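These notes concern the structure reproduced below.
The values are calculated or read from the model by the stated rules, or taken from the named source; none is laboratory data. In this text the structure is predicted, and so the values were computed from the model without any measurement. When we count neighbours, we look across all protein chains shown, and the Cβ atoms used for this are built from the backbone with ideal geometry, even at glycine. Note: areas computed on protein heavy atoms with side chains; ligands, DNA, RNA excluded. Shrake-Rupley method; radii C 1.70, N 1.55, O 1.52, S 1.80 Å.
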Amino acid sequence: MRRLILTLCFVFCMYGASAQELYAEIGQAISSFAYSNSSGGTLENLNSKATQYLSAGHTFLLKKDGLGIQLGGSIRNYGAIGSDPLLDNYFEWDVTYVGMDAGLSYEFFQQRAFRFYLRSSISLEYLLRGTQTLNNQVFNLSGEDEFENMLLVPRIGIGLRYPISNKAALNLTYTYGRSFSLTNSTPQDNEQLNINVHQIGLGISILLPGCNCAFNRY
């Protein structure tokens, strides 16, 4: 895991020096937890929760083919809410992760000023803060094994871009992601805890002064 972190940091610095575009995105997310124990049983009455996220970074544009490499950082909130009618319990999770993001974007279609693109990415995220509410008690999740592990989340999505000038464009993006398990399962204990998240965000892309390119409006 440390080797992966160092690799992402190196790639981020390398492409940040030659990036041609800055991007920032803010949006709404619907997150949920998927849990199964060692015998395959699931936690019922566990519902999704609306959260927010913010991301920003650089894009290295590969000319002529509509492909871009994106490297940046993010702050994301995840949560879930549920109850157990048999035990008359109420429970809720609210966690915030800070992450490093790396991905690809590809413009595959253009209709006049509108450009459609595909996006795939992977995020390496670290717990910033987190709480669990059980009935009237609130517990701090810092130090808990499941949430202290690094969170690795691959995402895939589709978006729409509209230039507002030769140097700036607005982006509307939808992505879906599912984290790798937060628990370290073994052959004797196949416990799984994953986070599912649907995101829709509004962002802006700005071409840097050194970029010999432009967003064509027509």
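Provide, for q = 0.15, 0.19, 0.20 Å⁻¹, the log10 of I(q)/I(0) from a solvent-free Debye sum over equal Cα point scatterers in region 61-204. Debye curve over Cα of region 61-204, log10 I(q)/I(0) at q = 0.15, 0.19, 0.20 Å⁻¹: -0.86, -1.15, -1.22. Within the full protein context, the accessible area of Met150 is estimated at about 70 Å² for a probe radius of 1.4 Å.
Across region 153-160, rounded Karplus estimates of 3J(HN,Hα) from the backbone phi angles (6.51 cos²θ - 1.76 cosθ + 1.60, θ = phi - 60°) give 10, x, 9, 9, x, 9, x, 10 Hz, Gly and Pro being marked x. The Rg/Rh ratio of region 88-172, with Rg taken over Cα atoms and Rh as the Kirkwood radius over Cα pairs, comes to 1.20.
Positive contributions from Lys and Arg (+1) and negative ones from Asp and Glu (-1), summed over other residues with Cβ under 12 Å from the Cβ of Ile156, come out at +3.
Surface composition of region 106-150: carbon plus sulfur atoms contribute 51% of the solvent-accessible area (1.4 Å probe, protein chains only, all chains present).
A simple count of charges around Thr175, restricted to other residues whose Cβ falls under 14 Å of its Cβ and scoring Lys, Arg +1 and Asp, Glu -1, yields +2.
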